[in-house]
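Just so it is clear, none of the values below were taken in a lab; they were calculated from the coordinates. No experiment lies behind these values; they were computed from the predicted model shown. Note: ideal-geometry Cβ built from the backbone for every residue, glycine included; neighbour counts use all protein chains shown.
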Amino acid sequence: MKKFVCLLITLCVVLVFTSSRTTVSNDSRVGTRAANLSIGNETNVVELSQFSGKYVVLNMWTSADAITRIENIELNKIARNNDKVVHMGVNFDRSKALFKEVMSLDSLEVSSQYFCELQDRPEFEKKWGSIDKPCTFLINGKGVIVAVNPTLNEIRAAIK
């Protein structure tokens, strides 16, 4: 009986640690229409739906995560050099002051960067998935998600 209980506990622990927690909500998967996003910063308020006919790269980043921060810088450069692409970088730092400092250090386009306030995060997560593991979405000109977490090369190839 002890062996059975130990085996059952071990199985439960294995299942808990091996089950993957999805970072993308059911409404934001490849092939689905992107949920509309309305977000603002000091210079403007935008809605995802206003970019019909253009690719939109929506990426979530934090200054503490070097990978998402570097990706945000590269995506900013891609959009700066291609008028068929709109970049929307959504930041989830705890401090807006830190966000502003990083934007300046990284030479980011102010008009493409948005700070997600704490009170807005639950609604954002409901539409776009967990902010614990930031994602990048490539959305085509018809508003359909064509890639989740694409590489920079995949984005460049898609927008040509």
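Considering only residues that are part of a helix (DSSP H, G or I) and in contact with a His (Cβ under 6 Å, 6 or more places away or on another chain), which ones fall in the range 56-98? Matches in the range 56-98: 75, 76, 79.
Out of the residues in the range 103-160 meeting the condition of being of a type in the set (Gly, Ala, Ser) and outside any helix (DSSP H, G or I), tell me which one is surrounded by the fewest Cβ atoms within 10 Å (Cβ to Cβ). So, considering only residues that are of a type in the set (Gly, Ala, Ser) and outside any helix (DSSP H, G or I), the one surrounded by the fewest Cβ atoms within 10 Å (Cβ to Cβ) is 107.
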